[in-house]
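Colleague: This is the structure I want to talk about, given as structure tokens.
The values are calculated or read from the model by the stated rules, or taken from the named source; none is laboratory data. Remember, predicted model here, so these are calculated numbers, not experimental data. Because the Cβ atoms are built from the backbone with ideal geometry, glycine has one as well, and the counts that use them run over all protein chains shown. What goes into the accessible areas is simple: the full protein's heavy atoms, side chains included, and nothing from ligands, DNA or RNA. Shrake-Rupley method; radii C 1.70, N 1.55, O 1.52, S 1.80 Å.
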Amino acid sequence: MTTNPTGTHKITLMTAKEAAAYLRVSISTLYRMEKRGELIPFRIPGGHRRYSLASLNGCLSTEREKAETA
């Protein structure tokens, strides 16, 4: 989350394609992760999904913790 000059917080959102590229997975895998509850996207008018950068980073850290304990 970043702060703009007025002091309010701004959330960085990504499209499904951008989120998949960020996580280095396919869009199909991204949707499967959503179905399993690993990611919860925002829905914008029109039904399109947007993923917050914070939730994607949380997903990465969870996956990293799983790999370290295995």
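Colleague: I need the full set of residues from region 22-33 which are loosely packed, with under 14 Cβ neighbours inside 10 Å, part of a helix (DSSP H, G or I) and of a type outside the set (A, V, I, L, M, F, W, C), in order please.
Modeller: S28, T29, R32
Colleague: So, of the residues in region 60-70 that are part of a helix (DSSP H, G or I), open to solvent by 50 Å² or more (accessible area, probe 1.4 Å) and not acidic (D, E), which turns out to be nearest to K17 (Cα to Cα)?
Modeller: L60
Colleague: Which condition breaks for A19 when tested against (1) outside any loop (DSSP other than H, G, I, E, B); (2) open to solvent by 60 Å² or more (accessible area, probe 1.4 Å)?
Modeller: Against the list (1) outside any loop (DSSP other than H, G, I, E, B); (2) open to solvent by 60 Å² or more (accessible area, probe 1.4 Å), A19 comes up short only on (2).
Colleague: Turning to a different aspect of this structure: Give the residues of region 34-59 that are in a helix (DSSP H, G or I) and either among the basic types (K, R) or exposed (fewer than 10 other Cβ atoms within 10 Å of the Cβ) (or both), sorted by residue number.
Modeller: Of everything in region 34-59, just one residue is in a helix (DSSP H, G or I) and either among the basic types (K, R) or exposed (fewer than 10 other Cβ atoms within 10 Å of the Cβ) (or both), namely K35.
Colleague: Can you pull out the residues in region 1-16 that are among the polar types (S, T, N, Q) and either open to solvent by 90 Å² or more (accessible area, probe 1.4 Å) or modelled with pLDDT under 60 (or both)?
Modeller: Residues satisfying the conditions are T2, T3, N4, T6.
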